[in-house]
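What follows is one structure encoded as structure tokens, with my remarks underneath.
The numbers here are math on the coordinates, done by the rules we state, and not lab data. Since we're looking at a predicted model, the values are computed, not measured. In this analysis, Cβ positions are derived from the backbone assuming ideal geometry, glycine residues included, and neighbour counts consider all displayed protein chains.
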Amino acid sequence: MRKINKWISKIVSFTIYGLLVCLVITLITSKISGGTPTFFGHEILTVLSGSMEPNIQTGSIISVTPMTKIKGLKKGDIITYKAVDAPNTLITHRIIKVQKSNESLQFFTKGDNNDGLDTFPVPAANIVAQYDHFTIPFLGYLLSFVKSKLGSVLMLIVPGFLLIIWSISSIWKTIKVMDAKKDYPTK
């Protein structure tokens, strides 16, 4: 029974430490990159609308690779780009048609769940990333919360507090075991 408790204690401690480290890394990378967490060269974005459902659900997180060469993009690829009419807004849609216009490429896009093409063709200069076909549903809601001021504070304080409580509990149990050994005479 003691061995099982020891293993459970180690697993819980490792989990809390791991969670704390992951949250700190996520917060630091999102602050350094201006709000977009990055892991091993892939950016993590939160999907805010249902335009790509059912393939990509609202509230999901997706992994995208920042684009360096636009020429390899083709019909059917899913890209993330700056909206033509709102450059601070990122949109992730599927390429429907690629067209050359005055020595530059334009991409006609559409959300899988939308009836028609997007209003404006996307200039190559607006494309920022390509979808990696990696999605985790609903985790985007948590990521959005973590990126908020309240979420940042809570996600650092709560795991730290749990770690302190777990450490105090472990120390208390160890003291009780040591006291119990003192009460029994040894031969």
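What are the extents of the Cα atoms of segment 83-187 along their three principal axes, listed from largest to smallest and rounded to whole Å?
94, 29, 28
List the chymotrypsin sites (Phe, Trp or Tyr not before Pro) in segment 126-163 that DSSP assigns to loop (not H, G, I, E or B) and whose Cβ has at most 15 other Cβ atoms within 10 Å. Which are they?
Answer by residue number: Phe138.
Would you please state the base-10 log of I(q)/I(0) at q = 0.16 1/Å for the chain, with intensities from the Debye formula using one equal scatterer on every alpha carbon?
Reported log10 I(q)/I(0), two decimals: -1.01.
Multiply the residue gap between Asn113 and Cys22 by 0.36 nm, knock off their C-alpha separation, and tell me the result in nm, one decimal place.
29.4 nm
What FRET efficiency comes out for Leu163 versus Gln99 if R0 is 41 angstrom and r is the Cβ-Cβ distance? Round to the nearest 0.05.
It comes to 0.15.
Using a Gaussian network for the chain with springs between C-alpha atoms less than 10 Å apart, which of these wobbles most: Pro66, Pro54, Pro121?
For the chain, modelled as a Gaussian network with Cα springs under 10 Å, the answer is Pro54.
Over the chain, calculate the relative contact order: mean separation of alpha carbon pairs under 8 Å at least 6 apart, over the residue count, as a percent.
Normalised by residue count, the contact order of the chain is 22 percent.
Straight-line reach from Lys69: which lysines have a Cα under 17 Å away, not including same-chain ones fewer than 8 places off?
Leaving aside lysines fewer than 8 places away in the same chain, those within reach of Lys69 are Lys82, Lys100.
When only alpha-carbon atoms count, how far does segment 40-137 stretch along each of its three principal axes, as whole angstroms with the largest first?
Cα spread of segment 40-137 along its principal axes, largest to smallest: 40, 34, 24 Å.
Can you tell which of Met178, Ser60, Phe161 lies farthest toward the positive end of the dipole of the chain, using +1 and -1 charges on the Cβ of basic and acidic side chains (Lys, Arg; Asp, Glu)?
Going by the Cα projections, it comes out as Met178.
Relative contact order for segment 40-137 using alpha-carbon pairs under 8 Å, separation at least 6, rounded to a whole percent?
33 percent
Taking the Cβ of Tyr131 as the center, what net charge do the other residues with Cβ under 11 Å away carry, scoring Lys and Arg +1 and Asp and Glu -1?
Taking every other residue near Tyr131 into account, the sum is -2.
Using DSSP to call loops (not H, G, I, E or B), can you name the trypsin sites (Lys or Arg not before Pro) in segment 48-126 whose Cβ has at most 15 other Cβ atoms within 10 angstrom?
Loop-located and lightly packed - Lys69, Lys71, Lys74, Lys75.
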